[in-house]
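> My questions all concern the structure below.
The values are calculated or read from the model by the stated rules, or taken from the named source; none is laboratory data. Bear in mind the structure is a predicted one, so any value in this text is a computation, not a measurement. For neighbour counting, all protein chains shown are included, and Cβ atoms are generated from backbone atoms with ideal geometry for every residue, glycine included.
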Amino acid sequence: MAEAVSVVLPIVHLNGSGREALVNQRRDVYHALQQSVEKLRQMAPNGRDYYVQPGLLEQAIAQHERRMATLGALLQEIETEIIELDV
């Protein structure tokens, strides 16, 4: 299970970026990460590419799962920021 991360939010005020700009920036990143997740999903390990060396497929699967979890955690952080800012 992923460790909980405290998300640091920008403070919306007159001298800073506007709320809409802050939310839109995060939405752009969120959508880009979603595309990255889909591309990463497409390159999931295929057993035919690893079978000649015992144990290699399991290592490739673990690597793939770690990468997917990393992107998933990033998506979750960005989503939290969007929700908290878009009030």
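> Quick one: how many residues across region 32-87 are over 30 Å from Ile11 (Cα atoms), surrounded by 14 or more Cβ atoms within 10 Å (Cβ to Cβ) and of a type in the set (Val, Ile, Thr)? Spell out the reasoning first.
We begin by selecting, within region 32-87, every residue over 30 Å from Ile11 (Cα atoms); these are 38-68.
Subset that is surrounded by 14 or more Cβ atoms within 10 Å (Cβ to Cβ): 40, 45, 50, 56-57, 60-61, 64, 67-68.
Checking which are of a type in the set (Val, Ile, Thr) leaves us with 61.
Residues in region 32-87 being over 30 Å from Ile11 (Cα atoms), surrounded by 14 or more Cβ atoms within 10 Å (Cβ to Cβ) and of a type in the set (Val, Ile, Thr): 1 in total.
> For residues that are within 17 Å of Leu71 (Cβ to Cβ), among the basic types (Lys, Arg) and over 16 Å from the mean Cα position of the chain (by Cα), tally how many sit in region 1-46.
0
> Consider Tyr30 against the criteria (1) at pLDDT below 95; (2) part of a helix (DSSP H, G or I); (3) of a type in the set (Phe, Trp, Tyr): it satisfies all of them except one. Which criterion is unmet?
The failed condition is (1).
> Can you pull out every residue in region 12-55 that is touching a residue at least 12 places away in the same chain (Cβ under 8 Å) and either in contact with a strand residue (DSSP E or B) (Cβ under 8 Å, 6 or more places away or on another chain) or among the basic types (Lys, Arg) (or both)?
Arg19, Arg26, Arg27, Arg41
> Within region 71-82, can one find any residue that is assigned to a loop (DSSP other than H, G, I, E, B), at pLDDT 95 or above and touching a Ser or Thr at 6+ places or on another chain (Cβ under 9 Å)?
Going residue by residue through region 71-82, those that are assigned to a loop (DSSP other than H, G, I, E, B) are none.
Checking region 71-82: not a single residue is assigned to a loop (DSSP other than H, G, I, E, B), at pLDDT 95 or above and touching a Ser or Thr at 6+ places or on another chain (Cβ under 9 Å).
> If I ask for residues that are surrounded by 11 or more Cβ atoms within 10 Å (Cβ to Cβ) and not in a helix (DSSP H, G or I), which ones from region 8-27 would you list?
Our first condition is that a residue be surrounded by 11 or more Cβ atoms within 10 Å (Cβ to Cβ); within region 8-27, this holds for 9-10, 12, 16-27.
Scanning region 8-27 gives Leu9, Pro10, Val12, Gly16, Ser17, Gly18.
> Return the residues of region 12-58 that are farther than 16 Å from Ile82 by Cβ and aliphatic (A, V, I, L, M); say none if nothing qualifies. Quick ask: steps written out before the conclusion?
Of the residues in region 12-58, the ones farther than 16 Å from Ile82 by Cβ are 13-16, 35-58.
Answer for region 12-58, where residues must be farther than 16 Å from Ile82 by Cβ and aliphatic (A, V, I, L, M): Leu14, Val37, Leu40, Met43, Ala44, Val52, Leu56, Leu57.
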